[in-house]
1. Go through (1) open to solvent by 20 Å² or more (accessible area, probe 1.4 Å); (2) more than 30 Å from Asp466 (Cβ to Cβ); (3) in a strand (DSSP E or B) for Ile355 and report which single condition fails.
2. Taking the conditions exactly as written (open to solvent by 40 Å² or more (accessible area, probe 1.4 Å), small (Gly, Ala, Ser), in contact (Cβ under 8 Å) with a residue 24 or more places away in the chain and farther than 30 Å from Leu453 by Cα), does Ala214 satisfy them or not?
3. Checking Pro275 against (1) in a loop (DSSP other than H, G, I, E, B); (2) free of Cβ contacts under 8 Å to residues at least 12 places away in the same chain, only one condition comes out false. Which one?
4. Can you tell me which of Leu89, Leu109, Leu100, Leu116 is open to solvent by less than 10 Å² (accessible area, probe 1.4 Å) and either of a type outside the set (Gly, Ala, Ser) or in contact with a Cys (Cβ under 8 Å, 6 or more places away or on another chain) (or both)?
5. Residues that are touching a Ser or Thr at 6+ places or on another chain (Cβ under 6 Å), among the charged types (D, E, K, R), surrounded by fewer than 21 Cβ atoms within 10 Å (Cβ to Cβ) and not in a loop (DSSP other than H, G, I, E, B): does the range 330-339 have at least one?
6. So for the range 442-459 (the condition being within 30 Å of Asp45 (Cβ to Cβ), in contact with a helix residue (DSSP H, G or I) (Cβ under 7 Å, 6 or more places away or on another chain), outside any helix (DSSP H, G or I) and open to solvent by less than 10 Å² (accessible area, probe 1.4 Å)), does at least one residue qualify?
7. Applying the selection to the range 264-293, what residues are out of contact with any Phe, Trp or Tyr (no Cβ under 7 Å at 6 or more places or on another chain), closer than 21 Å to Pro113 by Cα and modelled with pLDDT of 95 or more?
8. At least 1 residues that are open to solvent by 30 Å² or more (accessible area, probe 1.4 Å) and among the small types (Gly, Ala, Ser) in each: list the strands (runs of 3 or more DSSP E) lying fully within the range 119-185 that qualify.
Amino acid sequence: MSALTLRSGRPYGGEPVDVVVRDGLIASIVPAGAAPAEGEVVELDGRAIGPGLWDAHVHFSQWVISSRRVDVAGTHSPDEVVDAVRRALVAGAPRTDGVLVGYGYRDGLWTTPTTLRVLDDAFPDVPVVLVSGDLHAGWMNSRGAERLGLRPDASGVVAEFEWIAALQRFQQAASIPVEAYGEVADAAARRGVVGIVDYENVPNFLEWPERVAAGVRALRVDASVWPDRLEEAIAAGLRTGDPLDADGLVTMGRLKVVVDGSLNTRTAWCWDPYPGADPLHAHACGVQSVSVDELHRLLRRAKQGGILPAVHAIGDRANAEVIGVFETLGMPGIIEHAQLVSDGDFARFRRAGLIASVQPEHAMDDRDIADLHWSGRTDRAFAFGSLHRSGAALRLGSDAPVAPLDPWHAIASATSRSRGDREAWHPEQRLPLDVALAASSRSTLAVGQPADLVVLERDPFACDRDDLREMTVAATLLGGRFTHRAV
């Protein structure tokens, strides 16, 4: 029987306690100094202690590979992107299978549009592919398009299903060493993370047990499945919640279905047309990636197979239609993103028993884009407060690499609705800190709970916005095992 005694840790807002861990579970919590020593004794010296944190939405392989991509975030025009790529080439930036890949451009506010020609003229001999900051589009030159087997129009951009499928094929061809996964998992543990929900469009239920067997053991993982592998998962007898490795670190997750696009790419499916769009154009209000009938079929099949769903819906029409499918089927599930919701639909989340999985950093990244493209509707955009007040359950995540895999960033943005020197954006949509913390974890500091714990240098309830964002994590424990330790 393994044991560990954590002396004099302070639960958030409480008095110091001793926490005894046995066989990966919290065995006892008693006033500081009252617990007999069991196993190793670690003095916490009054540091704050609470449940370990989860990131409820990541694309882990893309987060791992993002360090190999040229950073074009923060650019404001095609010319600035070209300059950034030129500097990277001069500096000898690494290429992926011969292609220079960049990440992070956001053209939603650009006054000069992307074109195929500007990249062809600047880089006639180098395949260049640039991934948008929201992952929903790629801007490329002719040589890059040829390498990915794509045919962009004059804009040089390919978006949504065709793009996502091509990026997946390209990424699978690029070999990522398992050590790189381990390094990124360890980095997450240093921020207090004990678990992630991985929505990468790959066979996660096969790949993650292999990574754990190879030594990637810093995180718990919910391994999702996409529609093209749903039948494979069902035939293998996999059900949501089933352990997939001997130690129970990897669990079968949910069916991920994407029904619309994104705000930055102007493909989120909305009731109203985007500014400047031809109201008669098929995609004036965004893109419906999966029809309502097909979504109904997929969710019904998943239900039959014991796999719960998580459905990507960003625009207000997408959210309304997805909620309707859940209501018709009478099944619980998760709506991922829920970025724009009609006033009458907030209460439908609670009535249908749906979880809203949201990414608070997106609100800070996209506030200006939302003010432009969702003008007059931003009182219900990224409306975490309205969702909470309606009684909907919440989970917080990053959507890494769209935002950093760091729950403290999400917690700070959710509770302040501000970042840097900017004023709060729709402060009525802030979440209380206790709600944000609960939405960032899956356990509590209580006897019988998993010993998935985080030890902090400061009590979150004594921190301002910037303190939360830069929180110093002294230790992280996963099942009573240190995955990060500075105490």
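The values are calculated or read from the model by the stated rules, or taken from the named source; none is laboratory data. What you see is a predicted model; the values in this text were computed from it and never measured. Cβ sites come from the backbone with ideal geometry, for glycine too, and all protein chains shown count toward neighbours. These area figures cover heavy atoms from the full protein model, side chains too; ligands, DNA and RNA do not enter into them. Shrake-Rupley method; radii C 1.70, N 1.55, O 1.52, S 1.80 Å.
1. (2)
2. no
3. Result: Pro275 passes all but (2).
4. Leu100
5. Going through the range 330-339, the residues touching a Ser or Thr at 6+ places or on another chain (Cβ under 6 Å) turn out to be 334, 336.
If we keep only those that are among the charged types (D, E, K, R) too, we end up with 336.
Going one step further and asking which of them are surrounded by fewer than 21 Cβ atoms within 10 Å (Cβ to Cβ), we end up with none.
Scanning the range 330-339 turns up no residue that is touching a Ser or Thr at 6+ places or on another chain (Cβ under 6 Å), among the charged types (D, E, K, R), surrounded by fewer than 21 Cβ atoms within 10 Å (Cβ to Cβ) and not in a loop (DSSP other than H, G, I, E, B).
6. Of all residues in the range 442-459, those within 30 Å of Asp45 (Cβ to Cβ) come to 442-459.
Retained after the next criterion (residues that are in contact with a helix residue (DSSP H, G or I) (Cβ under 7 Å, 6 or more places away or on another chain)): 458.
Then keep just the ones that are outside any helix (DSSP H, G or I); that gives 458.
In the following step, the residues that additionally are open to solvent by less than 10 Å² (accessible area, probe 1.4 Å) were identified as none.
No, every residue in the range 442-459 fails to be within 30 Å of Asp45 (Cβ to Cβ), in contact with a helix residue (DSSP H, G or I) (Cβ under 7 Å, 6 or more places away or on another chain), outside any helix (DSSP H, G or I) and open to solvent by less than 10 Å² (accessible area, probe 1.4 Å).
7. Thr267, Ala268, Pro273, Tyr274 - these are the residues of the range 264-293 that are out of contact with any Phe, Trp or Tyr (no Cβ under 7 Å at 6 or more places or on another chain), closer than 21 Å to Pro113 by Cα and modelled with pLDDT of 95 or more.
8. On the way: elements: 128-132, 137-140, 157-159.
Counting at least 1 such residues, we get 157-159.
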